[in-house]
Structure formats: structure tokens, C-alpha cells
Amino acid sequence: MMERAESEQKLYTRMRLWEFPDQYVVEPTDGSCGSSLAVSRVDGTMNLIDELPECDSVRVPKIQTIFGVVGMLKLVAGSYLIVITEREAVGSYFGHPIFRASSLKVYPCDHSLKHSPNEQRRLETEFSALLSVAERTSGLYFSYDTNLTLSAQRLYELGDESKLLPLWRQADPRFLWNNYLLEPLIDKKLDRYLLPVIQGSFQHFQAAIGKDIADVTLIARRCTRRNGTRMWRRGADSDGYVANFVESEQIMQMNGFTASFILIRGSIPFPWEQIVDLTYKPKFEIVKPEEAPRVVERHFLDLRKTYRAVLAVDLVNKHGSEGRLSEQYANSMQHIVGDDVRYLHFDFHRICGHVHFERLSILYDQIADFLEKNGYFLLNEKSEKLKEQLGVVRTNCIDCLDRTNVTQSMIGRRVLEWQLRRIGVFSAEETIEAHPNFDENFKILWANHGDEISIQYSGTPALKGDFVRYGRRTIQGILKDGMNALGRYYLNNFVDGTKQDAIDLLQGHYIVSVSRDLTTPSIPSQKTGLEAVASFPLALSLVLVGFFFAAMSLRRAPFEFRHLFFSFVWAGMSLAIAAFVRANGRIFCNRPRLHKPR
């Protein structure tokens, strides 16, 4: 009975997409028996067919091999089919192959636009342009056989009946990246085409410890509830869902044992923001501070339901602009802290500076008792549960990227050593550093993990990654951090607004309504006045030209007084333009255009 049910629910692993004039047809080609999926190019309606349509001898349909249907997105008048056109095998999860989606493609079902009003066509063009951003979405992972949204402990706890359900029904909706996109397929009960996808990271290595081989995997699962980009998604919403919430699971398999350990990260859990205004570090603004305690309480109530005990480790600075956030956080935690919730502030920059990250041992000493009490998940050779994880460490800095990843890699290292001692591989005082090859692979594992999460949120690899990768700070790493910081500044100001719009469309945080958009368009059709000609590259060019002429005039000032006068004029013009750009950042920045949430 179980084998038959599993066969009926098995996902298609390879398909052929046919582009007919009036429809797309997705034909399974992996050897399994099943009906093809027909998608109307007029309105995106879907149905199963047993035979392919006849091909026109004059116009041969285009054919594309695909590896999964990500979902369907409805806009103003058209619908858009999103599929995986390239995949890459990255490892296995409990014996099941895991793939990264290397390339996505969007197929429009918008023939009905030919008969739509001009305003609808204009809006459709504006919205559909965002889907080119969707095709470049990074860090998407999937499996045809197992549920990547669930940790090892939660998979183990699934009942027999739940294991017979389609993968999408087993999935944790927090981490199901294409949850909203799958809804049209779910409505049609197209279970064999419903491929769950997560966004995050999947890193893996095998290395010898003595005569035995250890298999180590590190998975990041990004939450979709408040998904977005660095400057455009900060803090928490009114329900306590936070930006850049990531569950990281470190799994070790060796000598028949399986050990799993979970860490989480997420933005400071009350409403706050940074308004992009072309400054390098925009001011932190606490939104409705009187609501902070209630939002924090909701956030930790949600965490306790899933992870039970929680230790919140706050890594932000105690003073300066970060200090206000930390103070509000600490004050809001006062009436929440108890037996199953703890709060600990650790001023990372003051204690560790920019090079002395080994001082994180001070933090470890402060949290070791919580880690020992709440443990990790462990199965023996017979898949019998020996231990379970009863609590989780929640880590945050400002971005929950750089300081957080350094800290989590330290905790993951210490817990992995505990696990290796527990299964009899390490002696009482033995450490990972005593095995250079294993140590090097472990550092690379966490460095790549941090880089991939950082790219999805900030657009660049993580800062301080050289310490995670090599165990020390390097001149090359410090210089690379400087370049990445400048890259983040550019992306946050001039790229991420559009990227945020695309994310909100794909995640269903903004749903296009024809009547609403026709009466109050959220995307301006055209810019007027200064906004029509203003751009950051133009402003930057004028500033640089001004300073160039100022420098040239200043060089000739000793020979003729008027050149000194002109140097001040040029310099003054440059400073005036720079001040104007600073004061009118909203004009020059790539501002989000979608404002009404789902």
C-alpha cells in the first residue's frame, strides 16, 4: 500500500515543454507514466491531457527541456508560467539527491492582452518587467524525493500518514519559497508537478577523521514571511515576523550515526527601518516604539511553538546609533524573559574589534550551559533517537549576516565537537583543529554558507568571511570587505528597490488587482520635472567634473589669483550638487513602487 501511494505521488524529474501557438504543453520524459500538463497562452488555465496536440507542419513548435514547474503568477490580465530550465546536483539529504536551480525561465500567457484596455496593457508591461529579476533569483534548492523545508528532527517526527502526503503538503510554509506560486497548481490538484523549492544555501563535504569518513551538510532555509533585500526589509512587522530570518541546520553523519543541530538568525524583532537616502549608513528609525514590546512578545511566542526554548544573542553595538536599537530590544525583552526565553547582549565590535574574533570564546562561556541543556538531535545506527534538540540560539546583528555568521560558525564548531565525542570518534579534549583537512573543509563550509545568504539579502558576499574561511583576518580579506561594502551601498541605493518589488510579487506580498491599479496606479507611468532627468550617475559625473576643474584651477592659483577664485567656485558647485543629491535622495534612489501588501 505504501509503495503504491509513493509511486502515485512521485514528482516528475524531467520534462519537455512544447510551445504551441495557443498553449504550452509540459510532457513528462523521465520514464514515468502520467498525463501532460496543458497551459493556455490566452489566460493561463491548466488541465491534464493524455495526448500531445498535432504539430503544424508549417510551424514546428519550440521545445525546451525543463526540470520542474516552479509555479504560475497572475498579474493584471496575463499569467506567467515559471519553470526550471537548468539544474545542478549539489549533494544529498539523507540519501536523496539535492539540486540547485541554475536557471529559471518565465513563459507569458498573455494573449488576452490584445483585447485589453490600453491602461491594462501599460500596467501589465510595468509589472511583467519585474519578472526578469525573478529569472535571476539565486540560491534556490529542491529535491524530488524529500522535504528540504523540514529539519532532520522534524522529518523524524512526521507520522506515517504525513509521510504519504505529497511533498508540498508536508512542507513548512515558512520556508516554501514558491508557496504563493504553487496555489494555481494546487487548486487543480496537479500533485506530480508541485515541486517545493527553498531559498537559502546547501553546502556539503566529506573528510576523513582517522580511518573513518565524516559527512557534513549545512543547510540554510530563508523564511518567506518578511522576505526582501537589506535596506528595504528591516525589523519586524506587526505580527512579529522578521526580516532575513534564516534557519541553519548542521548535519553530521558518521559510523551510522546522524546528528543535527539548528541555529536561527533574524532581524531585531520590532518595527524599525532605514530610509535609503544616499548616505552610506542611513539613520535607524524605530517605528511606533510603544508597540515594540507587543511585537517582540509575538515573535518569541512564534519561536517557542517551533523551537521550544530560545536564547536570543544580540551582537549589535551598545553605543551610538545601534545602541538605541539594542536598548529598545533589551527593554522589550524584560517581561518575556523566563525559563524558556533568555536574552544576552554581546558587544561584538567592542570585545572582538575587527581582528580578534577568537574572543568569541567569551560568548561561548556565557551560553555553554544553554547549549548543554538543550542539546542536539541524534540517531544511532538503528535510526533510534538518542537525543533531541530542545531549544535554539537566535542570533542577530544589524544585517544578521557578518557578525552573525562568524558567531554561528563558532557555535556550530563547538557543538560538532560534542557530537563527535558522543559517538566515540573524538577523545575528551580532542578538537577539530587537530585534523587539518577536516578543519579546512569545515571553515569553507561555513564561509560559503554565509556568502550565499549574504548575496541573497545584501547583494554581496559576507564581510569578515576571511576569518570564517581561514580562521584569521587577512589584509586581502579586509580590502575585499571594503569593496563589498561599497558594492552594498550601490546595490541598496540603486538596484534593490526594483528587486524588492519583484520579491513582493513572487511571494504574494503584493497582489495585483485590476480595479485597484486602474483607479490608483501604484507604478507611475512617467516622471515629471527634475525626476525626469535626475539620475545618480549624472549627479556623480557633475560632482567629479566640478572637483576636476577645481583641482586644475588650484594648480594654477600660485601664478594667477583668478584661478584661486575659480577653484573655489568649482569646488562650491560640486559641494552644492552633492548636498542637493543628499537632500533629495528619494529622487535619485531606486525607490520601491509597490506599497500595498497582501
| query | Based on what the data block shows, is N317 open to solvent by 20 Å² or more (accessible area, probe 1.4 Å), of a type outside the set (V, I, T), touching a residue at least 12 places away in the same chain (Cβ under 8 Å) and in contact with a His (Cβ under 9 Å, 6 or more places away or on another chain)? | reply | yes
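Check L371, L378 and return the single one that is over 26 Å from the mean Cα position of the chain (by Cα), assigned to a strand (DSSP E or B) and buried (at least 16 other Cβ atoms within 10 Å of the Cβ). Show your work before the answer.
Values: L371 fails: assigned to a strand (DSSP E or B).
Among L371, L378, only L378 is over 26 Å from the mean Cα position of the chain (by Cα), assigned to a strand (DSSP E or B) and buried (at least 16 other Cβ atoms within 10 Å of the Cβ).
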| query | Among the residues of segment 428-448, how many are open to solvent by less than 10 Å² (accessible area, probe 1.4 Å) and either touching a residue at least 60 places away in the same chain (Cβ under 8 Å) or not in a helix (DSSP H, G or I) (or both)? | reply | 4
| said: Could you tell me how many of the residues in segment 94-107 are at pLDDT below 95 and touching a helix residue (DSSP H, G or I) at 6+ places or on another chain (Cβ under 9 Å)? | reply: 1
| note | Subset of segment 129-144, residues among the polar types (S, T, N, Q) and buried (at least 18 other Cβ atoms within 10 Å of the Cβ), comes to T137, S143
| said: For segment 221-230, check the following and say yes or no: at least one residue is within 30 Å of Q507 (Cβ to Cβ), open to solvent by 10 Å² or more (accessible area, probe 1.4 Å) and among the β-branched types (V, I, T). | reply: yes
| Quick one: which of R324, R304 is touching a residue at least 40 places away in the same chain (Cβ under 8 Å), outside any loop (DSSP other than H, G, I, E, B) and either exposed (fewer than 14 other Cβ atoms within 10 Å of the Cβ) or out of contact with any Gly (no Cβ under 8 Å at 6 or more places or on another chain) (or both)? | R324
| query | Conditions: (1) of a type outside the set (A, V, I, L, M); (2) over 18 Å from the mean Cα position of the chain (by Cα); (3) assigned to a strand (DSSP E or B). C55 meets all but one. Number of the miss? | reply | (3)
| field | Count of segment 78-105 residues which are touching an Asp or Glu at 6+ places or on another chain (Cβ under 6 Å), assigned to a strand (DSSP E or B) and in contact (Cβ under 8 Å) with a residue 24 or more places away in the chain | value | 4
| note | R342 fails exactly one of (1) open to solvent by 60 Å² or more (accessible area, probe 1.4 Å); (2) assigned to a helix (DSSP H, G or I), namely (2)
| request: Look at R154 and say whether it is of a type in the set (K, R), at pLDDT 90 or above and either surrounded by 18 or more Cβ atoms within 10 Å (Cβ to Cβ) or closer than 26 Å to Y457 by Cβ (or both). | output: yes
| said: Please go through (1) at pLDDT 95 or above; (2) of a type in the set (A, V, I, L, M, F, W, C); (3) farther than 21 Å from V415 by Cβ for V246 and return the number of the only condition it doesn't satisfy. | reply: (3)
| query | How many residues does segment 255-288 contain that are outside any loop (DSSP other than H, G, I, E, B) and either in contact with an Asp or Glu (Cβ under 9 Å, 6 or more places away or on another chain) or at pLDDT below 95 (or both)? | reply | 13
| Test: residue in segment 147-156 that is out of contact with any Leu (no Cβ under 9 Å at 6 or more places or on another chain), of a type in the set (S, T, Y), within 26 Å of Q9 (Cβ to Cβ) and part of a helix (DSSP H, G or I) | no
| said: Among (1) under 19 Å from W168 (Cβ atoms); (2) in a loop (DSSP other than H, G, I, E, B), there is one condition D43 misses while meeting the rest; what is its number? | reply: (1)
| request: State the number of residues belonging to segment 106-119 that are in contact with a Gly (Cβ under 9 Å, 6 or more places away or on another chain) and in a strand (DSSP E or B). | output: 2
| If you take the residues of segment 58-77 that are part of a loop (DSSP other than H, G, I, E, B) and touching a helix residue (DSSP H, G or I) at 6+ places or on another chain (Cβ under 6 Å), which of them is nearest to A502 (Cα to Cα)? | L75
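Yes/no matrix, rows are residues, columns are (1) in contact (Cβ under 8 Å) with a residue 12 or more places away in the chain; (2) under 17 Å from the mean Cα position of the chain (by Cα); (3) surrounded by fewer than 20 Cβ atoms within 10 Å (Cβ to Cβ):
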position	(1), (2), (3)
D402	yes, yes, no
S409	yes, no, no
V425	yes, no, yes
G450	yes, yes, no
R473	yes, no, yes
Q476	no, no, yes
| note | Going through segment 163-190 in order, the residues found to be in a helix (DSSP H, G or I), open to solvent by less than 40 Å² (accessible area, probe 1.4 Å) and closer than 21 Å to H96 by Cβ are L167, Q170
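The values are calculated or read from the model by the stated rules, or taken from the named source; none is laboratory data. If you're wondering where the values come from, they're calculated on a predicted model, not measured in any experiment. Backbone-built Cβ (ideal geometry, glycine too); neighbour counts: all protein chains shown. Just the protein is used for accessible areas: all its heavy atoms, side chains included, with ligands, DNA and RNA removed. Shrake-Rupley method; radii C 1.70, N 1.55, O 1.52, S 1.80 Å.
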